[in-house]
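Notes follow the structure.
The values are calculated or read from the model by the stated rules, or taken from the named source; none is laboratory data. Nothing here was measured: the structure is a model prediction, and the numbers come from that model. Positions of Cβ are backbone-derived with ideal geometry, glycine not excepted, and every protein chain shown enters the neighbour counts. The area values use the complete protein model at the heavy-atom level, side chains included, leaving out ligands, DNA and RNA. Shrake-Rupley method; radii C 1.70, N 1.55, O 1.52, S 1.80 Å.
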Amino acid sequence: PWRGARDPHNVCRLLSGRALGFYAQDAGVALRKNLGILRRLLCQESTKFRKVWTSHSTSPITYESGRIYFDNYRCCVSSIAGEPRILYQMPPCSKSEKIEDALLLECPLGETLPSLSDYKTSLAVLTAQNWLLRLSANTGEILEKIYLAGSYCKFRYLNWDSPQEVMVVKSVQQKLSAAARQAGIQQSVLFFLAVFRVLPLSFIGMLEINKKIFGNSVMDVAISNGILIVMYSVGLVKLYSFQAISEQFMEQHFDLGSEFSWNNRVGIVGKYPFGLPCNIKITDTPPLLFEVSSLENAFQIGGYPWHYIITPNNKKHKGVFYICSLKDNTLAKNGIQDMKCCSLEPDWIYFHPDTSGRIIHVGPNLIKVLKMKEIENNTNQQEIVEDFIIVANRENIVNNSVTVTASGRVVKKRFNLLDDDPEQETFKIVNHEDELDLLSVVAVTQIGPDGRAHLDLHCNEHGILLKTVPFLESWDVTYSHQVYFDRDVVLHIEQKPNRIFSCYVYQMVCDSENEDDHTSYKKKKRLCCKKGGRIFEYF
């Protein structure tokens, strides 16, 4: 019998669902449904990706969440509209005001923020003059300004410690001039790291990496997921707890905009000319969490239970990957992954970004998606097994070379082509579209003087090919390429010689026509327009 909404059984189900965080009218539920509909539309045979516009630049082009950035982030163009639409164009600037790096800041959920501007998407940018600015992502208006430091260090890199929560600003490596070295001046500080909590932007602390504490062979440093990672030129990687370092060595806490007295100087935190105090002074070697030796400092942590991936620190092991338990360094069963590729470009491996704990291993003609499986009667060791594989569409071509010896004997020498031979389909880029749960794979084939590429969309759960999107522009394998697949947009950015950057934008269209993509593309009239001093070509 039919039961109404007020039926006690339905009420119980509703209450139990709410206890678990499920609401019928919840925005997240609606979004998931909409994304499911979009995925089904995208995978239909009649759905195409049409090339809608392109533009070129002499400076790098970057993409983030529906926004394309030109001129070192000074020009922002929407990728959503069918025609290029400039969101903002900042005036030209000198080299000293150039934007070095940027991060997109999204509004946190479930928090009350002090300013209305904090609820809108913004862009954190780092300038060449050591200014950290927060810009409106839609207008380019400056919302906040923080002066980091004077000329004693040069900040250049922005990275996430914890995405959308904690941000790290890193300096270039400190190096003495030739004259200073000849004068016998010693340089002990190698890097500076400034750490901020975002939205609202607040200062956590700044620390220096000193070779008197960490050693002379420090090559690079980073902070990720609360871990200070120190890399050495000998291939050693050491991990320390940033929280433990802050608690042990922070001399004083400072708030942005507050007055302070530091090293006989009085100023305001984050204002010119004082900047930020280096308030985390590491005076002794902090407790070591973990250390490992790996070729070229390649080291990754992921999976469940926690594992790490390294290559043994010897050049003869290049292309061989070991998957080991982080708990006790035990090598997983089948934990040595070696594709035995004969190629110019090496294969690569990484933990799947979908938090499933799986591993993606990409070779020139083979993609392996691996998973961990608990071994029966041995809970302390995991086994690495194949979840699924994706194989390139190519022929097994073998060339024969025939020679005749002096005695008249015919000798046939057989040799195989390289695994990444350009005349055969080769995998170049593999990404994961998290909202649609699709694996995007770029495959390239050299046809005559030009290369042709296409984007294959695979089911992330089983690896089934669902859609192929051809790129209409040629693909030169000697150029640097980036491809972004974001919901209903595909973006191809390439860097040509002499620092010429090109951006090609494709958008999803539901079209019942069966006309060939290349044919319809050639028939379309190309139009050029100039917006904000930039030339766009659209179709």
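Kindly state which strands (runs of 3 or more DSSP E) lie completely within segment 71-156 and contain at least 3 residues that are open to solvent by 70 Å² or more (accessible area, probe 1.4 Å) and either over 30 Å from Ser177 (Cβ atoms) or of a type outside the set (Val, Ile, Thr) (or both).
none
Does segment 337-380 hold any residues that are within 17 Å of Ile429 (Cα to Cα) and among the charged types (D, E, K, R), and which are they?
Of everything in segment 337-380, those that are within 17 Å of Ile429 (Cα to Cα) and among the charged types (D, E, K, R) turn out to be Glu345, Asp347, Asp354, Lys368.
Which number in (1) closer than 17 Å to Gln173 by Cβ; (2) at pLDDT 95 or above marks the one condition that Asn216 misses?
For Asn216, the failing item is (2).
Return the total of residues in segment 157-174 being part of a loop (DSSP other than H, G, I, E, B) and under 18 Å from Pro108 (Cβ atoms).
3
Output the residue which, of all residues in segment 179-217 that are assigned to a loop (DSSP other than H, G, I, E, B) and under 30 Å from Ser117 (Cβ atoms), is nearest to the chain's Cα centre (by Cα).
If we take residues in segment 179-217 being assigned to a loop (DSSP other than H, G, I, E, B) and under 30 Å from Ser117 (Cβ atoms), then Val198 is nearest to the chain's Cα centre (by Cα).
Residues Ser512, Ser520: which one is outside any strand (DSSP E or B), modelled with pLDDT under 90 and open to solvent by 70 Å² or more (accessible area, probe 1.4 Å)?
Ser512
Return only the number of the condition from (1) over 22 Å from the mean Cα position of the chain (by Cα); (2) at pLDDT 90 or above; (3) open to solvent by 80 Å² or more (accessible area, probe 1.4 Å); (4) not polar (S, T, N, Q) that Val404 does not satisfy.
(2)
When segment 436-455 is examined, which residues are found to be open to solvent by 10 Å² or more (accessible area, probe 1.4 Å) and either free of Cβ contacts under 8 Å to residues at least 24 places away in the same chain or over 20 Å from Tyr350 (Cα atoms) (or both)?
Thr445, Gln446, Ile447, Gly448, Pro449, Asp450, Arg452, His454
Could you tell me which residue of segment 305-342 is farthest from Thr355 (Cα to Cα), considering only residues that are part of a strand (DSSP E or B) and among the β-branched types (Val, Ile, Thr)?
Top of the filtered list is Val320.
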